[in-house]
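Visitor: Structure incoming, see below.
Nothing in this text is a laboratory measurement; each read-out follows from the coordinates by a stated rule. Because the structure is predicted, anything quoted here is derived from the model rather than measured. When we count neighbours, we look across all protein chains shown, and the Cβ atoms used for this are built from the backbone with ideal geometry, even at glycine.
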Amino acid sequence: MTADQMVKALKAEGVRIKEHRSWRSHNRNHKGAWGGVNGVVIHHTAGVGSGMADYCYDGTADLPGPVCHAFASKAATVYLVGNGRANHAGTFANNAHQAVIRESSTHPRPDAAEPIDGNTHYYGIETENRGDGSDPYPAAQYDQVVRWAAAICRFHKWSADSVIGHKEGTRRKIDPSFSMATFRKDVAERLSHPAGWNPGGTSPEDDMPIRTSLGKDKSQSVPWGEWTAVTWDVEHADPHKQHGDGNHPGYLPKTSSWADFNGRLRVSGMEPGDQLQVRYEVHDWKNGKSTGVWTEIIADHQATPGDQFVSVPFSKGLKKGQHVYVAVKPIPAPERADAKAPSVTDGRWAIRQDG
Ligand SMILES: [Zn+2]
């Protein structure tokens, strides 16, 4: 991003920025490559005080600045301190880096080996905090960091899974001292709305969650090697009639909003060596027909002995009228290609929608 693009994107996202000193031309580009960029890294400063913006700009003799691209103060101002390569990430593990590139929903524990130059590939923000686990992050400050990350993801058309904590790129670090799973969820929620979105709303009714609980009691055979939608046959609660009738497999939201699915399936008839993929499908729906489908694989399960219980959580912004399916694809071990197809049963789905 150019400096102008950065300023424009951050302002649109509601980031309160201060352009600090000569940040537009302040970088480490003379020491190494900057780009292609793949993601953003969240840090805490491990120190607080009035000189932190200058520290982030200048760095130290051992670690010259800029030591990040942006600094989020406790008072919830985001200082822009660097534009280009910055000394914030150091080296990264390849498995962590590849998970960002794939925008994987899981971010593995980083390998010990660190062949990746993180300062080439990542934007970084320093969040003012002692980092001792007891120093709180004011809500306004945290919100600014979420907005900063979301603005860059939105510009690059990245998902929230392009955001990692420093502690997720390398074993050398422990920052930031908050949950990155929650942080990514907060970024994802922003990305499901237009850039100017403000969470909450003035009327308490705006935030009433809708809860629906679907289940699956009857066994359903699922052929090897094909995506098959799971069919719901039990309705524990559906106050808003938001899923289809009878054996309709989908969930049909009545409002455009954010939705959390917490699901679990029991799969029988698989053996070690077999594999089960699970994905969500979001279908645009017009005149009783699917007119477009978005999918995300959220479980890639290696079979263990006995029945498999597969947990399949999922969060996404949904538009009114879109259908959400859960589909499974079992893949047999090569020597079991002729084995009987497995079956799915005992599915439970709690769906919470903020509308
Ligand atoms: Zn860090």
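Visitor: Determine Rg/Rh for region 11-108; Rg is computed over alpha-carbon atoms and Rh is the Kirkwood hydrodynamic estimate from the same atoms. Before the final figure, lay out each step's value.
Guide: Values: Rg = 14.4 Å, Rh = 14.7 Å.
Here the Rg-to-Rh quotient is 0.98.
Visitor: Taking H as built 1.01 Å from N, whose amide H comes closer than 5 Å to the amide H of G124, not counting residues under 5 places away?
Guide: The list, which skips near neighbours in sequence, is V41, H69, A70.
Visitor: Still on this structure, please answer the following. Using a 10 Å cut-off around each Cβ, can you sort C56, C153 from fewest to most neighbouring Cβ atoms? Write out the running numbers ahead of the final one.
Guide: Working: C56 30, C153 26.
Ranking C56, C153 by Cβ neighbours within 10 Å, fewest first, gives C153, C56.
Visitor: Springs between alpha-carbon pairs under 10 angstrom, Gaussian network model over the chain: which of T127, T60, T231 fluctuates most?
Guide: In the Gaussian network model the winner is T60.
Visitor: Quick query: amide H of S256 versus all other amide H atoms, modeled in the peptide plane; which residues come in under 5 Å with a sequence gap of 5 or more or a different chain?
Guide: Result for S256 returns K320.
Visitor: Could I ask something else about it? Is region 62-185 best put as rounded, prolate or oblate by its Cα gyration tensor, with a ≥ b ≥ c the root eigenvalues, rounded for a/c under 1.5, and otherwise prolate when a/b is larger than b/c, oblate when not? Present the calculation step by step, with values, prior to reporting the outcome.
Guide: Details: a/c = 1.35, a/b = 1.27, b/c = 1.06.
Since a/c stays below 1.5, the shape of region 62-185 is classed as rounded.
Visitor: Add -39500 (n - 2.57) for each DSSP H run of 4 or more in the chain, then divide by its residues: what number comes out at 222 nm, to the nearest 500 deg cm²/dmol?
Guide: -5000 deg cm²/dmol, from helical runs alone.
Visitor: Of all alpha-carbon pairs in region 62-127, indicate the percentage at a distance above 16 angstrom.
Guide: Details: 1158 of 2145 pairs.
So the pairs more than 16 Å apart make up 54 percent of the total in region 62-127.
Visitor: Could you calculate the contour length gain from I297 to K31, that is, 0.36 nm times the residue separation minus the distance between their Cα atoms, to one decimal place in nm?
Guide: Numbers: separation 266, 0.36 × 266 = 95.76 nm, distance 3.92 nm.
Stretched fully, the I297-K31 segment lengthens by 91.8 nm.
Visitor: Past the 26 Å Cα-Cα mark, which pairs from K286/K316; K185/K218; K167/K319?
Guide: K185/K218; K167/K319
Visitor: FRET efficiency for A341 and D284, Cβ-Cβ distance as r, R0 = 45 Å, nearest 0.05?
Guide: Given R0 = 45 Å and the Cβ-Cβ separation, E is 0.90.
Visitor: To continue, here is another question. Filter the trypsin sites (Lys or Arg not before Pro) in region 92-147 down to the DSSP loop ones having no more than 16 other Cβ atoms within 10 Å, then list what survives.
Guide: When the trypsin sites (Lys or Arg not before Pro) of region 92-147 are filtered for loop state and at most 16 Cβ neighbours within 10 Å, R102, R130 remain.
Visitor: Please build a GNM for the chain, connecting alpha carbons under 10 Å apart, and tell me which residue among K319, K286, K18 fluctuates the most.
Guide: K286
Visitor: A further question follows. Name the long-range amide H neighbours of I116: under 5 Å, sequence gap of 5 or more, or other chain; modelled H, no Pro or chain starts.
Guide: For I116, the qualifying residues are F92, N94.
Visitor: Counting other C-beta atoms within 10 Å, which of W349, W227 has the fewest, and how do the rest follow?
Guide: Fewest-to-most Cβ neighbours within 10 Å comes out as W227, W349.
Visitor: Rule-of-thumb check for the chain: C-alpha Rg over 2.2 N^0.38 Å?
Guide: That works out to 1.12 for the chain.
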